[in-house]
Amino acid sequence: CIGDGDPLCYGGESELESVYLPCTLFEIDSEAFKEFPMLKEVRFFGPVSRIGDSAFRDCVALESFEIPEGLKRIPDYMMSGCTSLKRITIPSWVEVVDMCAFDGCSALEKVELSEGITEISMAAFAGTAIRELVYPSTVTDIGDMLSSYSEELANLTYVDLSKVSMPVLTASFAGCPNLKTILFPKDMQENYSYTLGNCYAIEELVLPEGMKVLEDLYYTEEQPQLKRVVWPASLLDGSAFAVCTQLEEILYRGSELQWNLTTSKDLFEGVKVVYDYQD
């Protein structure tokens, strides 16, 4: 087990640039390499069963990192503030990505999420430069994209949850102001309030078949740019879209008779409704 701090630089600023961890090492303690400003390379030569919180936090020179085999949980803040990190692959043996694990990795543009991951916690990738997130089918729990003390995902434009089974979507995508496309879980039946928060740039939403309850989607400080909605016949109340004054078209998956039975049809008198819509 490796403990806290650089034993070669006790009480001062570490000048360590490379770390090679032998196959006999199985655990790394919390903050073991925290704030090592010159650390550029970390290599694992065997499996690691546990890494503590903030173990590599604020290693600002670290440009790449390979998650060691055997690590099932990426802990809170493990690589938070690693501002030179550009790409990360979360391999199949990882089950949980904990809170703020990569928060503040401002150069991080690419994240690959492998099948096998079951949980991605709140703000795991907040403050990064990620453009796309595609969730694997094994995910069963996701947290909010942002926490109250983390930065926005200003570059994120595309989120794909279409392979995920999640009848109730509890996560909020607030903090993704430039998000344009989101594919909801395939069997989502309801969402919690303010799912989209300040995601005012989205122009089209495709709601999954079987959705029954649609809570408020947006905050209301700005005007949502939503123009088109694919609306399942199972959804009887779409009053959450009443704030979307730029809505132009509703692609309705049911008949005109079914549409007339919805409780919110009178809210969309100026909107074009296409009945019996199919992809």
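The values are calculated or read from the model by the stated rules, or taken from the named source; none is laboratory data. Not measured: the values here are computed from a predicted model. Every residue, glycine as well, gets a Cβ built from its backbone with ideal geometry; the counts of neighbours run over all protein chains shown. Areas reflect the complete protein model, heavy atoms only, side chains present, ligands, DNA and RNA absent. Shrake-Rupley method; radii C 1.70, N 1.55, O 1.52, S 1.80 Å.
Roughly how many whole Å is it from the C-alpha centroid of the stretch 70-123 to that of the stretch 207-278? Spelled out, the Cα-based centre of one part sits 35 Å from the other. Ordered from highest to lowest accessible area with the whole protein assembly present and a 1.4 Å probe, LYS72, LYS227 read as LYS72, LYS227.
Any idea what the dipole of the chain comes to, in debye rounded to 20, about its Cα centre with Lys/Arg Cβ at +1 and Asp/Glu Cβ at -1?
About 560 debye.
Over the stretch 30-137, what is the mean sequence separation of C-alpha contacts under 8 Å (at least six apart), divided by residue count, expressed as relative contact order in percent? It rounds to 21 percent for the stretch 30-137. Restricting the calculation to Cα atoms, the chain yields a radius of gyration followed by a Dmax of 22.1, 76 Å.
Starting from the residue with the highest accessible area, list LYS163, LYS110, LYS265 in decreasing order, probe 1.4 Å.
If we order LYS163, LYS110, LYS265 from most to least accessible, we get LYS163, LYS110, LYS265.
Bridging of LYS227 to lysines at a Cα separation below 26 Å is possible for LYS163, LYS180, LYS186, LYS212, LYS265, LYS272, once same-chain residues fewer than 8 apart are set aside. Taken along its principal axes, the alpha carbon cloud of the stretch 66-211 reaches lengths of 40, 28, 22 Å, longest axis first. Over the stretch 161-279, the pair-distance histogram of Cα-Cα distances with 5 Å bins from zero comes to 2, 12, 23, 26, 22, 12, 3, 0 percent, rounded to whole numbers. For the stretch 48-105, the dipole from Cβ point charges (+1 on Lys and Arg, -1 on Asp and Glu) about the Cα centre works out to 80 debye, to the nearest 20.
Annotation note: chymotrypsin sites (Phe, Trp or Tyr not before Pro) in the stretch 156-265 located in DSSP loop regions with a Cβ neighbour count of at most 14 within 10 Å are TYR192.
Each semi-axis of the equivalent ellipsoid for the stretch 98-179 is √(5λ) with λ an eigenvalue of the Cα gyration tensor; in descending order they amount to 19, 13, 12 Å. Counting other Cβ atoms within 10 Å, keep those with at most 11, restrict to DSSP loop, and tell me which GluC sites (Glu not before Pro) in the stretch 208-264 are left. For GluC sites (Glu not before Pro) across the stretch 208-264 that sit outside H, G, I, E and B with at most 11 neighbouring Cβ atoms in 10 Å, the list reads GLU221, GLU222. The shape of the stretch 51-105 can be summarised by an equivalent ellipsoid whose semi-axes, obtained from the alpha carbon gyration tensor, come to 17, 12, 9 Å from longest to shortest.
A helix-only calculation puts the chain at -500 deg cm²/dmol for mean residue ellipticity at 222 nm, using -39500 (n - 2.57) for each DSSP H run of at least four residues, averaged over all residues.
Sequentially through the stretch 171-186, phi angles give Karplus couplings (6.51, -1.76, 1.60; θ = phi - 60°) of 7, 10, 9, 4, x, 10, x, 10, 5, 10, 10, 9, 9, 6, x, 4 Hz, Gly and Pro residues having no value and appearing as x. When all protein chains stay in place and ligands, DNA and RNA are ignored, the 1.4 Å accessible-area order of SER150, SER165, largest first, is SER165, SER150. Normalising by residue count, the stretch 222-279 has a Cα convex hull of 72 Å³ per residue.
Rolling a 1.4 Å probe over the protein chains gives LYS212 an accessible area of about 130 Å².
From the largest down, the stretch 142-202 spans 30, 21, 16 angstrom on the principal axes of its Cα atoms. Amide H contacts of ASN198: ALA174, GLY175, CYS176, TYR219, each under 5 Å away and 5 or more positions distant or on a separate chain (H built 1.01 Å from N in the peptide plane; Pro and chain starts excluded). For the peptides 26-34, 38-46, the ranking by packing is 26-34, 38-46, with the highest mean count of neighbouring Cβ atoms within 10 Å listed first. Positive end of the dipole of the chain (Cβ unit charges, origin at the Cα centre): among PRO208, ASN191, LEU71, the Cα lying farthest that way belongs to PRO208.
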